[in-house]
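The values are calculated or read from the model by the stated rules, or taken from the named source; none is laboratory data. Small disclaimer: the values here were computed from a predicted structure and weren't measured. Note that each Cβ is placed from the backbone with ideal geometry, even for glycine, and that neighbours are counted across all protein chains shown.
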Amino acid sequence: MKIQLLVLPMLGILSSAMQAQTPTPPTTPNSTIEPAAATLLNEAIATYKDTSRLSFRFSTTINGKLGPISTVRLALPDKVTLEQTEGKTTRRFLLTGSDLYIVEGTSYRKQAAPPISGPRLLEGMSAVVSSFLASLLDGKNPITASQSIYAQAPYQGFQGRTVALAPRVIDGDVLRGVQSTYSYKFVGRDGKANPMRNQTTAWFGGSPPTLRRVQSILTQGGKNITFSEKILEQDINPNYSAEIFQFNDSGLKLVAEQEEQYFDPKLKTGATPFAFTAKGLDGATITPAKYKGKVLLLDFWATWCGPCVASLPELKGAYDKYHAQGLEVVGISLDEDKNALTSFIKTRKMPWAQIYDGKGWKSAVPGVYGVKAIPFMLIIGKDGKIASVNPRGKIDDAVKAALAAG
């Protein structure tokens, strides 16, 4: 049984907050924030700083095409519900603290809760608004938080400026906004520096101000990719009924992981991984053999896959920690929309190589490995043999062991 999942946002909040009216210094070179913009952002931080419960509903639009409508309910420290509706399809997710339930149609899956806490859970969500809320709930300026990654490779020549926008009436409300425009060069695996430009606009309304909408326009090669999120409803510290965070399996069938082998059974520790030759998004040729002598993690994923996105902070943490020691990551995307994939990779700061052919479940490399469900990960050791199969939730330990194996 193949379950295709949309994005899974899970929220975490830290109680620390910046004091309003205290300008936040930029953490990247050549980045400036006007005092009026910093003041508005700090006012918003103060709005969210004591939040222990948060409920909101929002819409997502990519290049003018309406995506899912999502409803999120959060109760600290560890409870989240999500409902996503797109057309006639509704998917539900429930994080109880120790368990994660994923419901689609009349079937559900039960998994251990992701080993991630705090606002990083929200950062794993495929939405521009999620990054802003994660920073605000963590007491951070969302502009400087999002730009800090550009101070290091594979980015060069970052220049940014954030200004306050004049109040304007949008959908009947008077909103105040900030707009951050920045440019940089993204250095691909082929060594070429590709010029990029991003303009992110955030609007706040009410007193105290709450986030209402965020738009991000990414420009690459003369083409624009526009992400727009609009918060339709929002309630800070609402009163929830207890049953909201209790899973009810009435009328549902549990789909056990062992009901189906989701990848080729020959993929076992100590075995030789299947050979393939593919092209990365940057045009470079990718084959497992070229990584011999290093530890290679193959990540089969998609931007629309909730558990894949939920695992991204764990994967990024391992990459940042072990890349200098010899870890390489290659993503194998099952996305069909190249623009959405490219924008997601840039927005989520994923510097590793990505294989993409636009064929979804019929993509070549997943077919070679017999992958029938995602997320699926494979770690190949320095000797070219499989070191770990599907270590999601234990990526750090698996990578560390593979590096130590020599």
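Here is how the numbers come out for the structure above:
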| quantity | calculated |
| --- | --- |
| Every pair of residues 6+ apart whose Cβ atoms lie under 7 Å, when the first sits in segment 46-72 and is at positive phi while the second is in a strand (DSSP E or B) | Asn63/Ile225; Asn63/Thr226 |
| Within segment 278-391, strands (runs of 3 or more DSSP E) holding 2 or more residues that are under 30 Å from Tyr184 (Cα atoms) | 295-301, 327-333, 353-355 |
| Sole residue being surrounded by fewer than 20 Cβ atoms within 10 Å (Cβ to Cβ), farther than 29 Å from Ser183 by Cα and under 20 Å from the mean Cα position of the chain (by Cα), chosen from Asp383, Asp396, Asp320 | Asp396 |
| Every pair of residues 6+ apart whose Cβ atoms lie under 9 Å, when the first sits in segment 315-335 and is on the phi > 0 side of the Ramachandran plot and touching a residue at least 40 places away in the same chain (Cβ under 8 Å) while the second is in a helix (DSSP H, G or I) and surrounded by fewer than 21 Cβ atoms within 10 Å (Cβ to Cβ) | Gly326/Leu403 |
| Only listed residue being surrounded by fewer than 18 Cβ atoms within 10 Å (Cβ to Cβ), modelled with pLDDT of 90 or more, over 20 Å from Asn141 (Cα atoms) and not basic (Lys, Arg), chosen from Leu232, Leu165 | Leu232 |
| Which numbered condition Ile149 misses (of (1) modelled with pLDDT under 95; (2) farther than 30 Å from Leu76 by Cα; (3) among the hydrophobic types (A, V, I, L, M, F, W, C)) | (2) |
| Verdict on Gly222 being in contact (Cβ under 8 Å) with a residue 12 or more places away in the chain and of a type outside the set (D, E, K, R) | no |
| Conditions (1) modelled with pLDDT of 85 or more; (2) surrounded by 18 or more Cβ atoms within 10 Å (Cβ to Cβ); number of the one not met by Arg92 | (2) |
